[in-house]
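Colleague: Structure in structure tokens, see below.
Every number in this text was worked out from the coordinates using simple rules, so none of it is lab data. Worth saying up front: this structure is predicted, and the values here are computed from it rather than measured. With ideal geometry, Cβ positions are generated from the backbone for all residues, glycine too; neighbour counts draw on all protein chains shown.
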Amino acid sequence: MVCVRLSVAGRRVFAMGTTTGKAEQADGPPRSGRSASLSPSRASDFMRCPLLYRFRVIDKLPEKPSAAATRGTVVHAVLERLFDAPAAERTAPRARAMVPGEWERLLADRPELAELFREEEAGGDGGTGGGVDPERLAGWLAEAERLVERWFSLEDPSRLEPAERELFVETELESGLTLRGIIDRVDVAPTGEIRIVDYKTGKAPAPQYSAEPLFQMKFYALVLWRLRGMVPRRLQLVYLGSGDVLTYDPDEGDLRAVERKLLALWEAIRTATETGAFLPRQTRLCGWCDHQAHCPEFGGTPPPYPLPIIPVQSPEAASG
Ligand code: SF4
């Protein structure tokens with residue numbers, strides 16, 4: 001799931017190297033005078049479907065907010081802010097009670113999210129004239145509260161003192177590629193060992209689909225290794241939807257392999273950006289894609305490519 005998050009204002013920023021230091025700067029190919037940058041979400045987009053990457057990063061086509069992603073934002077906000085309370089007060093009832101307030105806070109920031117809960121009008125043309133359906137909203141909030149409550153069966157926040165929450169990290173590799181992302185939680189043991197924790201509001205994937213979320217965690221581990229000089233001891237995915245915890249203990253070899261993979265991925269993105277050749281890749285995830293109307297796999301036509309195209313030369317032409 002691609003998580004929608006609250007405003008980045010107030011987040012801790014931890015960065016080194018030649019960086020912009022701004023969480024809100026978009027990922028993407030190099031623009032004049034700026035370094036290229038990549039986040040786990042955009043890397044996953046390209047691996048999943050290059051055309052999806054183009055629509056999101058280059059065309060910047062709008063996407064409808066989804067009830068599931070918005071719920072994820074609210075749940076993440078609760079899990080983050082609960083740590084503002086003293087340890088003994090980090091209880092499940094308190095966390096559940098925070099859900100409506102975090103929803104109101106998000107809605108104040110993004111009033112368009114009210115559309116998620118509009119009553120269907122008679123004739124149902126999908127218009128926006130109806131009021132908010134209180135039952136739909138209540139059911140959605142109740143599910144968010146269930147997810148928050150399930151966290152307490154997986155972790156005990158009264159026994160945790162995170163070193164960082166919602167930490168924006170950014171580092172530049174020797175190649176000039178900037179890696180950036182936002183880590184839900186960083187725990188540091190008295191020994192100095194680091195644990196990276198990410199909350200997922202969906203269900204844990206079957207083992208054959210666990211590579212993608214683990215890749216995201218190794219991406220964060222690589223960035224923290226570069227920033228702090230220590231390989232994180234543990235990567236921990238907390239799946240609130242199914243009540244599962246997935247852990248992985250990386251080593252330097254893992255993270256070097258991720259770095260090689262990211263550089264190869266970036267080379268593929270750079271080539272596609274120069275040639276405009278972003279091919280669609282149809283998978284079961286197309287069902288959740290907002291861009292089927294522009295996708296050739298579904299009979300659509302992409303908008304005109306907005307960047308200059310560098311023609312591909314044959315080896316013969318290139319050599320003279
Ligand atoms: S519908 Fe599928 S193939 Fe088309 S852009 Fe979206 S993810 Fe890619």
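Colleague: For a quick protection proxy, order the peptides 196-207, 289-300 by their average other-Cβ count within 10 Å, most packed first. Let's see the in-between values first.
Modeller: On the way: 196-207: 18.2, 289-300: 14.8.
Ranking the peptides 196-207, 289-300 by packing returns 196-207, 289-300.
Colleague: At 0.36 nm per residue, and after removing the present C-alpha to C-alpha distance, how many nm does the segment from GLU155 to THR301 gain when stretched out fully? Spell out each step's value before the answer.
Modeller: On the way: separation 146, 0.36 × 146 = 52.56 nm, distance 4.72 nm.
Result for the pair: 47.8 nm of gain on full extension.
Colleague: Label points 7 Å out from Cα along the Cβ direction at GLN282 and ARG94: separation in nm?
Modeller: That separation, rounded to one decimal, is 5.2 nm.
Colleague: Can you list which of the chymotrypsin sites (Phe, Trp or Tyr not before Pro) found in segment 149-193 are DSSP loop residues with at most 12 other C-beta atoms within 10 Å?
Modeller: Values: sites: TRP151, PHE152, PHE168; in loops: PHE152.
Passing sites in segment 149-193 do not exist.
Colleague: In debye to the nearest 20, how big a dipole does segment 161-205 give about its Cα centre with +1 on each Lys and Arg Cβ and -1 on each Asp and Glu Cβ?
Modeller: Working: 6 positive and 10 negative charges, 63 e Å.
Computed charge dipole of segment 161-205: roughly 300 debye.
Colleague: Just want the answer: with Cβ charges of +1 for Lys and Arg and -1 for Asp and Glu, which residue in THR247, TRP266, GLN292 is farthest toward the dipole's positive end in segment 245-296?
Modeller: Positive-end residue among those listed: GLN292.
Colleague: Related question: Of the peptides 76-89, 217-230, how do they stack up when ordered by the mean number of other Cβ atoms within 10 Å, highest first? Walk me through the numbers before you get to the answer.
Modeller: Values: 76-89: 16.1, 217-230: 20.6.
Highest mean packing first, the order is 217-230, 76-89.
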